[in-house]
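Report on one structure; see the data block that follows.
The values are calculated or read from the model by the stated rules, or taken from the named source; none is laboratory data. Quick caveat, the model's predicted, so the values are computed rather than measured. Every residue, glycine as well, gets a Cβ built from its backbone with ideal geometry; the counts of neighbours run over all protein chains shown.
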Amino acid sequence: MLAEFPEVMIQQFLKVIRTGGEGSFIFFGGRFSHAVVKKPKAADFRVQDDFGGKAFRQVPGQHLVNQAESILQAIDKVPLYARVDAIKIDRKLILMELELIEPVLFLGMDEEAPDRFAKAITQMFAALN
């Protein structure tokens, strides 16, 4: 049945999304840049702003950054940018999505993030020469 709908993605619902939200760890050139936590509106579970969710800047502990980084290192090639979306259960990140194509990067949540992104772009092009 699912073969008929290849554009469908199924995720297990975890109640912690309603209370703790979903963290997004943003990386440029494989280096951690900044993080946000996305929370759903009351009585909902969807964290996307299209559905009333809100994103807030987050300063995660280094242990969480390290876990997000290890998730990113599971892929073969370092991407220009990536967003590790995860929830936290008992100080451990549970991967929800690894966003590598057209993710929202929340550049406005950290005033230095655009400069870090520009630097990663410059380094990527320099490596091509």
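For the stretch 99-117, the set of residues classified as of a type outside the set (A, V, I, L, M, F, W, C) and surrounded by fewer than 16 Cβ atoms within 10 Å (Cβ to Cβ) consists of Glu102, Gly108, Glu111, Glu112, Pro114, Asp115, listed by residue number.
Select from the stretch 49-73 the residues that are of a type in the set (Gly, Ala, Ser) and touching a residue at least 24 places away in the same chain (Cβ under 8 Å) and write down the one among them that is farthest from Ile17 (Cα to Cα). My answer is Ala68.
In the stretch 23-50, of all residues being of a type in the set (Val, Ile, Thr) and at pLDDT 95 or above, the one that is surrounded by the most Cβ atoms within 10 Å (Cβ to Cβ) corresponds to Ile26. Residues in the stretch 80-109 that are out of contact with any helix residue (DSSP H, G or I) (no Cβ under 8 Å at 6 or more places or on another chain) and on the phi < 0 side of the Ramachandran plot: 12 in all. Of the residues making up the stretch 51-98, those that are surrounded by fewer than 13 Cβ atoms within 10 Å (Cβ to Cβ) and either within 19 Å of Gln11 (Cα to Cα) or touching a Phe, Trp or Tyr at 6+ places or on another chain (Cβ under 7 Å) (or both) are Phe51, Ile89, Lys92.
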